[in-house]
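Beneath this line is the structure, given in structure tokens, with notes to follow.
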Amino acid sequence: LGTFEFNYSGADVYLGTMVNNDFDTYQLGVDAAWTFGGQTLHFQVVNSDSEQFAATDYQSKAFGGAILWEGDLFQGVLKTRWGYSAFQHTKTKFYQWLTAGVQLNLGGFKAELDYYLGDRTMDYSTTVGLAAADPRYVHDHAASLSVEHTFGKWRPFVKAVWSERYDKDFGSAVYATSGIQTVAEYYPFRREALKDLRFHAAWMYSRTDFRGPYAGMASRNDHTFLAGMRWLFKVK
């Protein structure tokens, strides 16, 4: 997908948008890339058998296609990840996604703005308190904005997210989530083997407001405090 949030390792996303949190991430496929003037265009074809996209009786036949622009403008000051994807639901029906990410780099400051818009089949029964599974045809859109500053061995940053789910069968939005996080990361080592070892502390808040047929439900507020260590390294 064409966003910066979706390109991060899951270990680096503390508070994600609804789309980033539950989008089917990995599929078998092929990628062809064309690089010119610091820009890269990706053309991808993937197996699209996920329940989010393919109808049950079409999963063995479904494919998806994607175009992604990875841009590098003004000598790295502005970078882009813009994408369009289409996933087969049936032979003639496709679920389409538009995704856009922009990254601004100024010295030690970095800001990222991401947006998602698309259709899929999702079972959100647990979110609205239903006991039985109930896959629904939904239209999701979400946005995130993060700002960080790296100085020395420290990297503090804040991030805000917003997401809304629209149920196409109900013809109404069913809930929206919003949230904010504050994080401080500390990288104590400079040696190549240890440079990606970090300590982190984070606070995250999210709120879910129910709409349409679930408008009578009370809003849900969640607070999460997290502290720990992460070490990513290459195994040769």
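Data overview
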read-out	value
Dipole magnitude (debye, nearest 20) for the chain, charges at Cβ of Lys, Arg, Asp, Glu	740 debye
Residues R230, R191 arranged by fewest to most Cβ contacts within 10 Å	R191, R230
Mean separation of Cα contacts under 8 Å (6+ apart) over length of the chain, as relative contact order %	13 percent
Per-residue HN-Hα couplings for the stretch 92-106 [Karplus 6.51, -1.76, 1.60; θ = phi - 60°; Hz; x = Gly/Pro]	10, 10, 10, 8, 10, 9, 10, 9, 9, x, 10, 10, 10, 10, 9
Ranked list, fewest to most other Cβ atoms within 10 Å of each Cβ, for M18, M122	M122, M18
Of Y214, Y175, M204, farthest towards positive along the dipole that unit charges on Lys, Arg, Asp, Glu beta carbons give the stretch 169-236	M204
Relative contact order (%) - criterion: Cα under 8 Å, at least six apart; region: the stretch 141-221	25 percent
Tensor-based shape of the chain (alpha-carbon gyration tensor, a/c under 1.5 rounded, otherwise prolate or oblate)	oblate
Candidate lysines - alpha carbon under 27 Å from K195, same-chain residues fewer than 8 apart omitted	K79, K110, K153, K159, K234, K236
Calculated from backbone phi, Karplus (6.51, -1.76, 1.60) coupling profile of the stretch 175-182 in Hz, x at Gly/Pro	6, 9, 10, 9, x, 8, 9, 10
Helix-only mean residue ellipticity at 222 nm for the chain, each DSSP H run of n ≥ 4 adding -39500 (n - 2.57), per residue, nearest 500	-500 deg cm²/dmol
Virtual spin-label span in nm between N21 and F109, 7 Å along Cα→Cβ	3.0 nm
Fewest-first sequence of T99, T126 by Cβ atoms within 10 Å of each Cβ	T126, T99
Magnitude of the charge dipole, the stretch 1-114, Cβ model with Lys/Arg +1 and Asp/Glu -1, debye to 20	300 debye
R207/L117 FRET efficiency (R0 22 Å; Cβ-Cβ; nearest 0.05)	0.55
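Readers should treat all values here as calculations from the given coordinates under stated rules, not as data from a laboratory. What you are looking at is a predicted structure, and each value in this text was computed from that prediction instead of being measured. With ideal geometry, Cβ positions are generated from the backbone for all residues, glycine too; neighbour counts draw on all protein chains shown.
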